[in-house]
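The values are calculated or read from the model by the stated rules, or taken from the named source; none is laboratory data. These numbers were taken from a predicted model, which means no experiment stands behind them. Quick reminder, even Gly has a Cβ in these numbers, built from the backbone with ideal geometry, and neighbours come from all protein chains shown. These accessible areas exclude ligands, DNA and RNA; they are computed on the full protein's heavy atoms, side chains included. Shrake-Rupley method; radii C 1.70, N 1.55, O 1.52, S 1.80 Å.
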Amino acid sequence: MWKRIGAMVQKEFIQLRRDRRTLAIMIILPVLWLVAFGYAVNFDIDTIDVVVADEADHADSQDVIRQIEENEDFHLKGKATPGEGRSELTRGEADVLVIIPEGYNGFSREEDEKLKVQVDGSRLFSAQSALRKVNEFLLDVQKENMTQLQDEIREELEQSDVPTPDLSGSPAFAKLQRVLPPQELRQFQETLKDQVENNAREQMDARLEKMEELFPDPDRMKPEVDVLFNPDIKSVNYMIPGLVGLVLIFVTTLMTALGIVREKERGTLEQLVVSPLRSFELMLGKLFPYFLIAVVDFLLVFSVGIFLFDVPFRGEVLPFLLVSLLFLTGSLGMGLLVSMVSQNQQQAMQLAVLTLVPQFILSGFVFPLEAMPWGIRWVSCLMPLTYFLPVSRDVFLKGTHPFDYTTEVAVLAVYAVLFLGVAALRFRRSLG
Amino acid sequence: MIRMKQVTKRYGNQTALDGIDLTLGESGIHGLVGPDGAGKTTLMKLAAGLLKPTRGKVVREQGTSLGYVPQSFGMYEEMSVAENLHFYGRLNGLPRRERQERMEELLRWTDLAPFADRAAGSLSGGMKQKLAIAAAVLHRPHLLLLDEPTNGVDPLSRREVWELICSVMRQGTRVFVSTQYLEEARHCDRVILLFRGRLLADREPGAYREDFPYPVWVVRDASSVRMKWLPRLREEPAVAQAYSRGTDLVVWSRDADKVRQLLEGLSREEQAGKVEAEAPGWEDVFSRYMMENGKEETAW
Amino acid sequence: MVIRLDSLTKRFGAFTAVDGVSLEVKEGEVCGLIGANGAGKTTLIRMICGILRPTRGEGSVLGYDIVKERDAIRHRIGYMSQKFSLYSDMTVEENLRFFAGLYPVKGSSADRVEELLERFDLEEMKKQRVENLAGGWRQRVAFASSMIHSPSLLILDEPTSGVDPVTRRSFWDLLYGLAEEGTTVLVTTHYMSEAEQCDRVAMLNRGRLVAEGTVPDLRNRFAEILHTPRPTLEGIFIHTTGEGSADDNRARG
């Protein structure tokens, strides 16, 4: 068995070595794609022109405006009404419109107190970086305000004295003086004082805690973002982890899609079929070389993302590699399946593209899943890429451990087994 | 008439045809015979004007109308026999009346009349070829070019295809037809032997056999001795060529009497059948030209 | 008997590709399977090789059942398919090595490859890529590769279709040599001239066996019917498929 698989693998490598052009395409193309895609979305701008519509017009709102003015990333274009600001955005005279609502005071607790940020999403590159910066900035301003307020309150509470109970003047105390010896009386007096003080402190702590509860969760202070004209802007950091998946699925599926149909066309498959080579041996022999190339592709794309585009990789490399390999196995199997049901290379290409384009559009790579109507979303749920994307993004950006995504990893595993299994069955059946 | 002068056709650095001088349309049925890769299809396409020669000239005489049947089935498979003929008739600008008459005539000739409403794709190999030929002669062309019309067709249908070709010729259309079955040369009035892009000969069929320089002897029922005799015979100076053909042993002789005596002697010694004279077959003729043109260094 | 088929039938949907074919081939025989394109030759061969499962009937090849023991059969037969069956982007030697890797080969596969290169006179061109070889040489390499495991049954699907006569002759020389050594050969062809080369022929038409026997036998049997002392196989074929069934013959498809 190993002898036969070995013969297959060696043969595939000889052919790959001869077909330099294909080999080059398989290795260089993913990197080229990544670079092209990556630069296309990597258009950071230096200063951001901001227009403010101040509907509150009081100390808190003026504080925000002052801070915008002081920040060197921003350039305050001036104040305007929301309508004027909007048309300035449309004309491209400003990058961002910040609306401070009437109810705003320092930080927002309720919906109608939220700051509003509007950008022109049709200007994808400037909008996305502007949005990111303004968002962070406004959030920081509000957090700062809130912490300040909290500190002030705490200080005030702590400074107010704990009332010490003075019992010496009360009639009950006179009675006790008569009954108890002086030593015990002092002791009782101490205990009582302690208890009262403790009670008071506890009460104050509880009150402080209650006060803190009254403050909003920092997440709720996020300005309300309103992207005009194009709601789907992404930053390069967000793009690259997705691209890793996309590029890999394209290359592997297309590569393997041609693998078997080419032999079918040339007539060499028949020769293999009459030989003692079993169908799973043939499949393994076919897959192994492509698997290796896919791994090389993965490492290349991964490195380019990290070193060329400075995308942070906060997760662990090895587990991520494992999950990626699982994903790759699935797409290799998919390609193989395409190859088996096709009669010629042209058909195989068409079929491969047919399986890939929906993944490109519907997997959440371009359009966020949440924005899709349910009718389309269940189609997304059938696609392997849909499950790989969130893992990839979160491992890259949030440093999540890939195995925490039990569902996603399980689905990818199921796909890998399913595609390979069906391919093997289908292959055996096609031989009668 | 089509004249080819010193025609060479190259694909990349491969020479498909090499210095061909040829006139088509002078004899009734002009056959083009050769194995796969000889350049038959390239020559056909040059004649039809579908290819331009790399060097040399292909000249079609003014007013020579052509019919062309390519090797691949050129009919619309999902259309019926009648619809296909209608379509090609209109394409060739036949007026309605004439088209109708000509169609009926051709359906009769080809024995396709009962299948007029059948989809062209569902016909058998031989019937497909006959339909394609009918479509190509609807407009009564001066010259009909047929690229391997009998390839892969069973012997009976092949015979019918040749009968159709003959009746087309009798109606006044000259035919230029290629085939890889050497023995089909017998149906032609003139035969071109083509091998590896070179024209080996262009003569009348009778002439090929008449001046075959080696009398042919055949030993019948020699299957038990063939492997023993062949090496010996091939060393004999009087033997030009020796090979086994099924149970027969075929020997070309440079000296007819000497070889006959040799063979009869051998036959007596060992179990083998009669020694008989035989007319050279088309395979013999073809190999002779290959030998004489130094093309014998083939792979086997 | 090397091949023994008993009313083998294969249907694809409503279409019967092979219809009740019974056939016996002895050891060391060269048996020709003759018929037009679509007569069922390739389907029959694919069943014999164990690639296709018959719809009905049974058969054995080299003593192994063609349904239950297909693996055993595949290890022991050599098959040269109609389509070009080599990897044209690999060299002669690489192709042979590859096939040596797939089959159980006696001794080391390197030795076996060397042996075949010598026997088929391929030594000089072993480093050449198959795509650069002339047609006849390619066929020679394909033939050598089907011999890699010294099979006792060699199945050749239209091996000399469209080949020039000189090449064809030397091919048959080689085949006769193998048969003499005890290798049984089953060869398909649609050339009647080729059929004359075989010890035994089986004529197929529309999936049915219309005539079968050794060539001298068939000649004797049809000499009287066809009113000629030495009828050609083409004459016999046309006689058995043609007369009386011509319309039937045409209406297929």
Residue in segment A:377-429 that is farthest from A:G330 (Cα to Cα), counting only those that are surrounded by fewer than 19 Cβ atoms within 10 Å (Cβ to Cβ) and among the aromatic types (F, W, Y): A:W378
Criterion violated by B:E101 - all others in (1) surrounded by fewer than 16 Cβ atoms within 10 Å (Cβ to Cβ); (2) in contact (Cβ under 8 Å) with a residue 12 or more places away in the chain; (3) not hydroxyl-bearing (S, T, Y) satisfied: (2)
Scope segment C:39-75; condition among the charged types (D, E, K, R) and in contact with a Gly (Cβ under 9 Å, 6 or more places away or on another chain); matching residues: C:K41, C:R46, C:R53, C:R56, C:D65, C:E69, C:R70, C:D71, C:R74
Among residues of segment C:185-241, those that are within 15 Å of the chain's Cα centre (by Cα) and free of Cβ contacts under 8 Å to residues at least 40 places away in the same chain, counted: 2
Pick from segment A:264-291, criterion out of contact with any strand residue (DSSP E or B) (no Cβ under 9 Å at 6 or more places or on another chain), of a type outside the set (K, R) and not in a helix (DSSP H, G or I), ranking: nearest to the other protein chains (Cβ to nearest Cβ): A:G267
Scope segment C:89-106; condition open to solvent by 20 Å² or more (accessible area, probe 1.4 Å) and assigned to a helix (DSSP H, G or I); matching residues: C:E93, C:E94, C:R97
Filter result for the condition that a residue is charged (D, E, K, R), more than 10 Å from every other protein chain (Cβ to nearest Cβ) and within 28 Å of B:T179 (Cα to Cα), over C:R168, C:R208: C:R208
Any hit, segment A:20-28, residues being farther than 26 Å from A:L258 by Cβ, open to solvent by 50 Å² or more (accessible area, probe 1.4 Å) and either of a type in the set (F, W, Y) or in the same structural domain as A:Q271 (by TED's automatic domain parsing) (or both): no
Test: residue in segment B:55-72 that is farther than 28 Å from B:M4 by Cβ, open to solvent by 30 Å² or more (accessible area, probe 1.4 Å), free of Cβ contacts under 8 Å to residues at least 40 places away in the same chain and not aliphatic (A, V, I, L, M): no
Only one of A:V379, A:V353, A:V357 that is more than 17 Å from the chain's Cα centre (by Cα), of a type in the set (A, V, I, L, M, F, W, C), under 22 Å from A:P241 (Cβ atoms) and assigned to a helix (DSSP H, G or I): A:V357
From the options C:T188, C:T228, residue that is more than 9 Å from chain B (Cβ to nearest Cβ), part of a strand (DSSP E or B) and not aromatic (F, W, Y): C:T188
Some residue of segment C:78-94 being facing chain A (nearest Cβ under 8 Å) and over 20 Å from C:G136 (Cα atoms): no
Residues of segment B:161-174 satisfying the condition of being within 13 Å of chain C (Cβ to nearest Cβ) and surrounded by 21 or more Cβ atoms within 10 Å (Cβ to Cβ): B:V161
Sole exception among (1) buried (at least 21 other Cβ atoms within 10 Å of the Cβ); (2) not in a helix (DSSP H, G or I) for C:R169, by number: (2)
Selection count, segment C:107-133, where residues are more than 24 Å from the chain's Cα centre (by Cα) and either assigned to a loop (DSSP other than H, G, I, E, B) or among the hydroxyl-bearing types (S, T, Y) (or both): 6
Enumeration of residues in segment B:34-50 that are open to solvent by 10 Å² or more (accessible area, probe 1.4 Å) and more than 28 Å from C:R138 (Cα to Cα): B:A48, B:G49, B:L50
Test result for B:V218, under 27 Å from B:N293 (Cβ atoms), in contact (Cβ under 8 Å) with a residue 40 or more places away in the chain and in the same structural domain as B:W252 (by TED's automatic domain parsing): yes
Residue match in segment C:151-162 (condition: part of a helix (DSSP H, G or I), at negative phi and open to solvent by 20 Å² or more (accessible area, probe 1.4 Å)): no
Single condition B:Q71 does not satisfy, out of (1) within 14 Å of chain C (Cβ to nearest Cβ); (2) part of a helix (DSSP H, G or I): (2)
Odd one out for A:F365, checked against (1) open to solvent by less than 70 Å² (accessible area, probe 1.4 Å); (2) in a helix (DSSP H, G or I); (3) under 27 Å from A:S342 (Cβ atoms): (2)
In segment B:5-33, the residues that are open to solvent by less than 70 Å² (accessible area, probe 1.4 Å) and under 22 Å from B:M169 (Cα atoms): B:L22, B:T23, B:L24, B:G25, B:S27, B:G28, B:I29, B:H30, B:G31, B:L32, B:V33
Total residues in segment C:191-205, condition under 13 Å from C:R168 (Cα atoms) and more than 9 Å from chain B (Cβ to nearest Cβ): 1
Matching residues in segment A:352-362 - criterion: being crowded, with 21+ Cβ neighbours inside 10 Å and of a type outside the set (A, V, I, L, M): A:Q359
Unmet criterion (only one of (1) surrounded by fewer than 17 Cβ atoms within 10 Å (Cβ to Cβ); (2) under 20 Å from B:L107 (Cα atoms)) for B:A136: (1)
Restricting segment C:42-58 to residues that are in contact with an Asp or Glu (Cβ under 9 Å, 6 or more places away or on another chain) and open to solvent by 10 Å² or more (accessible area, probe 1.4 Å), the residue that is nearest to the other protein chains (Cβ to nearest Cβ): C:R46
Candidate set: segment A:60-104, residues that are among the small types (G, A, S), within 25 Å of A:E144 (Cβ to Cβ) and in a loop (DSSP other than H, G, I, E, B); chosen: the one most open to solvent (accessible area, probe 1.4 Å): A:G103
